[in-house]
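So the structure is just underneath, and the comments pick up after that.
The values are calculated or read from the model by the stated rules, or taken from the named source; none is laboratory data. Just so it is clear, the structure is predicted and the values come from calculations on it, not from any experiment. Here the Cβ positions follow ideal geometry from the backbone for every residue, glycine too, while neighbour counts run over all protein chains shown. Surface areas here come from the heavy atoms of the whole protein model, side chains and all, with no ligands, DNA or RNA. Shrake-Rupley method; radii C 1.70, N 1.55, O 1.52, S 1.80 Å.
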Amino acid sequence: MIFDTHAHYDDEAFDLDRDELLKGMHKDGVAFIVNVGASMDSTQKALDLAHRYPFLYAAVGVHPSESGGLTGKDIAWLKEKAAEPKVVAIGEIGLDYYWSEPDKAIQKKWFEEQLQLAGETGLPIIVHSRDAAQDTLEILKGWRKDLTKGVIHCFSYTKEIAREYLNMDYYFGIGGVLTFKNAKKLIEAVEYIPMNRILLETDCPYLAPEPYRGKRNQSTYLDLVAERISVIKGVSKEEIFTQTVQNAKDFYF
Ligand code: NI
């Protein structure tokens, strides 16, 4: 059984076969999917998908790179949607300094506005953090008491940063990147992170694992990620599935 904790099936990469693909994967053992919002538009689409498929849930939120045009009205709308029964998290939210736009101050402002929303609704957060390790950590430390739970999506930092998040009881989203040739730093982090803090995620259509790297990703490919984790942790793949499904249920439900 697979729980894909971070997917973007609203993406146009799935426009031609979304329905067929989702129904087929569910039959093939993908028991749960959380479709994560990244903009106002994709949040609406995530909600539509959650209404359509019983096994699919939604996270509402706006990605830092999409936060440039946000308004207070948008936050009020997100808050209203966050109350829907199939909404299980606020995300993805955070900081992305890989891209120079929008500027850091704007990204921080809307990150904190959405952290406030998570605090008010009691929902867990899905954090996107790229090339912004220190600022993300600092902000999340400041909000620690106001938030329930959080996951660092597509964790890409060092073991030392992982330790800081473990001290705050965070979870770690692990996906296809673990199978890439240059994954040494991430393998070290996965060796270090306890099994009960790992969530499997695709971030599909992006970040397909080897040997599908560069192609369209999908939830069934998490089998290859679980395989890799099982080698790193020295336990069976079945055990990895059982534990990560339990972790995801603890986290979202
Ligand atoms: Ni994502």
Out of Y165, Y171, Y157, I need the residue that is more than 16 Å from the ligand (Cβ to nearest atom) and open to solvent by less than 20 Å² (accessible area, probe 1.4 Å). Which one?
Y165
Among the listed residues K141, K181, K185, K145, which satisfies the condition of being assigned to a loop (DSSP other than H, G, I, E, B), surrounded by fewer than 21 Cβ atoms within 10 Å (Cβ to Cβ), without any contact (Cβ under 8 Å) to a residue 40 or more places away in the chain and not polar (S, T, N, Q)?
K181
Residues of the stretch 114-138 being of a type in the set (V, I, T) and not in a strand (DSSP E or B), which ones?
T121, T136
Failed item in (1) farther than 21 Å from N247 by Cα; (2) open to solvent by 60 Å² or more (accessible area, probe 1.4 Å), with D135 passing the rest
(2)
By residue number, the members of the stretch 1-39 that are within 16 Å of the ligand (Cβ to nearest atom), without any contact (Cβ under 8 Å) to a residue 60 or more places away in the chain and open to solvent by less than 50 Å² (accessible area, probe 1.4 Å) are D10, N35, G37, A38, S39
Selection from the stretch 88-102 of residues away from the ligand (no atom under 16 Å from the Cβ), over 18 Å from D74 (Cα atoms) and in contact with a helix residue (DSSP H, G or I) (Cβ under 9 Å, 6 or more places away or on another chain) yields Y97, E101
